[in-house]
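Scroll down for the structure; my scribbles are underneath it.
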């Protein structure tokens with residue numbers, strides 16, 4: 001399967017908690033009505049303080065993720081200090097904006113959720129497929145399963161909830177999407193960004209085979 005035409009068709013979620021940020025995503029990558037990859041990595045660690053989720057065309061998402069990691073590292077070397085989450089979000093939004101407006105036989109469609117921490121606290125941004133940038137004060141979903149995920153968040157999200165409660169809610173959100181969205185499934189990954197930094201707290205693959 002050509003990864004240039006593979007789409008994640010995904011559900012990703014970001015939560016703002018009182019003591020950190022949570023990012024979550026499923027593992028299914030699709031090509032039309034076919035499951036092209038059951039172990040797709042849709043949460044990417046940018047550095048020790050930031051991470052992002054991807055939704056859209058796999059090749060573009062992978063390239064832009066590599067570019068933003070390299071750009072932030074270069075800026076850190078040149079300036080002698082790390083970029084803020086806002087600066088990283090603006091840089092990534094600019095990359096997406098330029099990418100989708102470039103003439104190509106395969107249109108670039110990629111959205112990101114970027115979470116991180118800096119001296120000013122914890123931050124969560126939504127970078128749309130058009131390069132738009134929005135700072136989220138509570139939660140955000142992206143991908144084909146966002147309609148199902150948003151309903152769960154609307155009913156259960158609480159302001160100033162703990163990271164532990166947020167992880168449980170993220171699992172609920174992704175489970176709801178996997179039950180109803182055909183492009184979401186095969187497992188989940190949950191990552192937290194706290195004062196200790198970026199770390200995966202849950203990586204679970206779903207068993208879909210029937211054994212006799």
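All of the numbers you see were taken from the coordinates with simple rules; none came from a lab. Note that this is a predicted model, so its numbers are computed, not measured. Don't worry about glycine lacking a Cβ; one is built from the backbone with ideal geometry, like all the others, and counts go over all protein chains shown.
From its DSSP helices (H runs of at least four residues, each -39,500 (n - 2.57)), the chain gives a residue-normalised ellipticity at 222 nm of -10500 deg cm²/dmol.
The Cα center of region 131-181 and the Cα center of region 60-92 differ in position by 26 Å. The order of the peptides 124-132, 203-211 by mean Cβ neighbours within 10 Å, most packed first, is 124-132, 203-211.
The GNM of the chain, with springs linking C-alpha atoms under 10 angstrom apart, assigns the highest mean-square fluctuation among 146, 103, 178 to 103. Result for the chain in a Gaussian network model with C-alpha springs under 10 Å: among 31, 177, 149, the largest mean-square fluctuation is at 31.
Sorting 80-88, 189-197, 48-56 by their mean Cβ neighbour count within 10 Å, with the most densely packed peptide first, gives 48-56, 189-197, 80-88. If you build a Gaussian network model of the chain, linking Cα atoms that sit under 10 Å apart, which residue out of 187, 32, 111 swings the most? Its mean-square fluctuation being the largest, the pick is 32.
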